[in-house]
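Everything on this sheet refers to the single structure shown next.
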Amino acid sequence: MATTSVSKFIPIFLIILISILTPIAHSQSDDECKTETTNSCTDKARAVPLKIIAITSILVTSMIGVCLPLVTRSIPALHPDRNLFVIVKCFAAGIILATGFMHVLPDSFDMLRSNCLDDKPWHKFPFTGFVAMLSAIVTLMVDSMATSIYSKRCKAGVNPDNEGGTAIAGDQEMAVADGGHGHFHSHHHQVKGASESQLPRYRVVAMVLELGIVVHSVVIGLSLGASNNICTIKGLVAALCFHQMFEGMGLGGCILQAEYKFLKKAIMVFFFATTTPFGIALGMALSNLYKENSPRALIIVGLLNASSAGLLIYMALVDLLSADFMGPKLQASIKLQIKSYMAVVLGAGGMSVLAKWA
Ligand SMILES: [Zn+2]
């Protein structure tokens, strides 16, 4: 399967990236810039139960968010060839776009421009923009190469029936769900013809996107887990629940169009839902070691954020929005385009509002 070769690709890239970046981080002085100020809000003992509540509630809400687009599969109005399906996808793409522009990129700018970092390299050169740009180029590279390898394999007949097999299995599931086999099957060939060349790309997109989102999800969990400020934690938990639910809807929309089998879908859902709780737990475990304002944390997290911002922005614009809006379905109808743009604005706007908190 080429998806496995893609998923092999990505960790290797990340390892290379991190191994390049860590020497820079080590060269910085280790002393902390500013420790957390101690005031009446700081209460470690009372923060722990709040964090446990956070872990469970965020787990549940992310699960709901990411599954929401997936269960819509059983609603007849949301078949892949219906208009509403395109609108849902555009809403999801808007969320991803805002995650990149409004959450991850500004975070990275804040971190790499922080006063806690040395003036010499960090304030003299816009590292965030540079890394985000490189990351967009690398994403394009992975995208195009993985897609060409995948399509070549499919053509060469290594597993020629895999696609069809999945699609048909999905169909039968659908047919059982709405009780009209003949009805759905008539669409099948037409849909398949149009999307057969697109499916490998959708799968690459879903995989890479999950990776880009996960970085932000772990980081926000980490900062919640490491904080002992009970005044801010309470508000943060509510914001993060919405945050993860929204982001889950964005990701769920992309997993939906990748048409994975149940197990793979379940793995992706599970992986996404556990990242923020994992980040919180990690933050709690490292709360003595991890300081948000230490130069090392700022540089590593800042650079990771920058690369994930480039990835998310590229994916949202090129693979999700442009692919849909320039595709035959939306090109055929201005009216549908206008509805879709409204969905994009709604998704991006909702996620932008959440940027106020996390
Ligand atoms: Zn965010």
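Here, each number is a calculation from the coordinates, and none is a lab measurement. Given the structure is predicted, the values throughout are model-derived calculations rather than measurements. All Cβ positions, even for glycine, are placed from backbone atoms using ideal geometry, and neighbour counts span all protein chains on display.
Restricting to lysine pairs 8 or more places apart or on different chains, what number in segment 214-358 have Cα atoms under 29 Å apart?
9
Ranked by Cβ crowding within 10 angstrom, fewest neighbours first, how are Trp122, Trp357 ordered?
Details: Trp122 22, Trp357 14.
Lowest count first: Trp357, Trp122.
As I understand it, the dipole of segment 223-309 uses +1 on the Cβ of Lys and Arg and -1 on the Cβ of Asp and Glu, about the Cα centre. Which of Gly248, Ile233, Phe270 lies farthest toward its positive end?
Result: Phe270.
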